[in-house]
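Below you'll find the structure, written out as structure tokens, and then a few comments.
Just so it is clear, none of the values below were taken in a lab; they were calculated from the coordinates. Given the structure is predicted, the values throughout are model-derived calculations rather than measurements. Cβ atoms come from the backbone with ideal geometry, glycine included; neighbour counts cover every protein chain shown.
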Amino acid sequence: MDTEIKAIIFDMDGTLLDSLSVWADSDREFLNGLGLEYDLRCSLAMKKMHFDSACEYLVREYSLPFSAEETGRRILAIVEEHYINGVPLKCGAEEFLKAAHEAGIKMCVATSNKKSLAEAALRAKGIMRYFEFVLTSDDVGCGKESPEIFLKAAEILGAAPENTAVFEDSIHAVISAKSAGFRIVGIYEPLCKDEFTEIQKYADLSVMSFTELLKEYAK
């Protein structure tokens, strides 16, 4: 690992976990159950939002007959059914976490997901032990369009932004963290493949997988 890096902040969905398809499938199941036509672009748009904001967006876009709170409750019920046991880790993620832990690097997760679901998923995959804590958009009161979640995570970890790497698969989060002085590692996510070229413009390092990253640092 780069000796200047003292801490790492990981996104979860699409970065550590291969879980974006679960959210998209749950959105589809929810909307189809209401007799509405699903569009993947909705799921990609909502990925950039705080969960509550995403539910408000869905209510507006589809003129749903119930509140954003009820929309969120219904979607989470679908997600939870598939999430814990059906979502694999990204290739090489556990091996990388183990190597970083052994190098003495402090790590946490910063996610727009719900904390209970995030922690349950990380425990189910056996990797919660590597993280100091899980910080959510709910905890800081805003989504990743603001760098607040990254700044708060670094503060708790006791590391300056310039000594902290942020691992992300979404361009809006990459731009946000970069603007606050963090080192950026861009992770390729197939469902967000159109964003990867843009991510590469901002990232200090961009890789297709953690396996590639491990090979790079093994040189």
Inter-label distance, nm, simple model (7 Å from Cα along the C-beta direction), residue 152/residue 101: 2.5 nm
Is there a quick way to get the dipole size of the chain? I mean about its Cα centre, with the Cβ of Lys and Arg at +1 and of Asp and Glu at -1; what is the value in debye to the nearest 20? 380 debye
Using modelled amide H (1.01 Å from N, peptide plane; none on Pro or chain starts), what sits under 5 Å from the amide H of residue 184, excluding residues fewer than 5 places away? 166, 204, 205
For the chain, take the longest principal axis of its alpha carbons; what is the angle in degrees between that and the long axis of helix 20-32, to the nearest 10 within 0 to 90? 10 degrees
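Viscosity 0.890 mPa s, temperature 25 °C: give me the Stokes-Einstein translational D for the stretch 39-139 in µm²/s, with Rh taken as the Kirkwood radius over C-alpha pairs. Let's see the in-between values first.
Working: Rh = 15.2 Å.
Roughly 161 µm²/s, to the nearest whole number.
Express the C-alpha Rg of the stretch 159-219 as a ratio against the empirical globular expectation 2.2 N^0.38 Å, rounded to two decimals.
Values: Rg = 11.4 Å, N = 61, 2.2 N^0.38 = 10.5 Å.
In units of the 2.2 N^0.38 Å rule of thumb, it is 1.08.
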Between 153, 99, 54, where does the largest GNM mean-square fluctuation fall for the chain, given springs only between Cα atoms within less than 10 Å? 99
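I'd like the chymotrypsin sites (Phe, Trp or Tyr not before Pro) in the stretch 31-85 restricted to DSSP loop residues with at most 12 other Cβ atoms within 10 Å, sorted by number. Working shown, then result.
Values: sites: 38, 51, 57, 62, 66, 83; in loops: 38, 66.
Passing both the DSSP loop test and the Cβ count: 66.
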Among GluC sites (Glu not before Pro) in the stretch 1-63, those in a DSSP loop whose Cβ has at most 14 other Cβ atoms within 10 Å are 4, 37
Estimated 222 nm signal from helices in the chain, with DSSP H stretches of n ≥ 4 weighted -39500 (n - 2.57), rounded to 500: -15500 deg cm²/dmol
Go through 47/215; 125/201; 144/201; 47/178; 115/215 and tell me which ones have a Cα-Cα distance over 23 Å in this structure. 47/215; 125/201; 115/215
Let me know the shape class of the stretch 94-185, please: from the alpha-carbon gyration tensor, a ≥ b ≥ c as square roots of the eigenvalues, rounded when a/c is under 1.5, otherwise prolate if a/b is greater than b/c, or oblate. oblate
Can you grab the distance from the C-alpha centre of the stretch 63-95 to the C-alpha centre of the stretch 160-195, Å, no decimals? 22 Å
Could you work out the relative contact order of the chain? I mean the mean sequence separation of Cα pairs under 8 Å and 6+ apart, divided by the number of residues, in percent. 25 percent
When the Karplus curve 6.51 cos²θ - 1.76 cosθ + 1.60 is applied with θ = phi - 60°, which whole-Hz ³J(HN,Hα) does each residue of the stretch 57-66 get, with x for Gly and Pro? 4, 5, 4, 5, 5, 10, 6, 5, x, 9
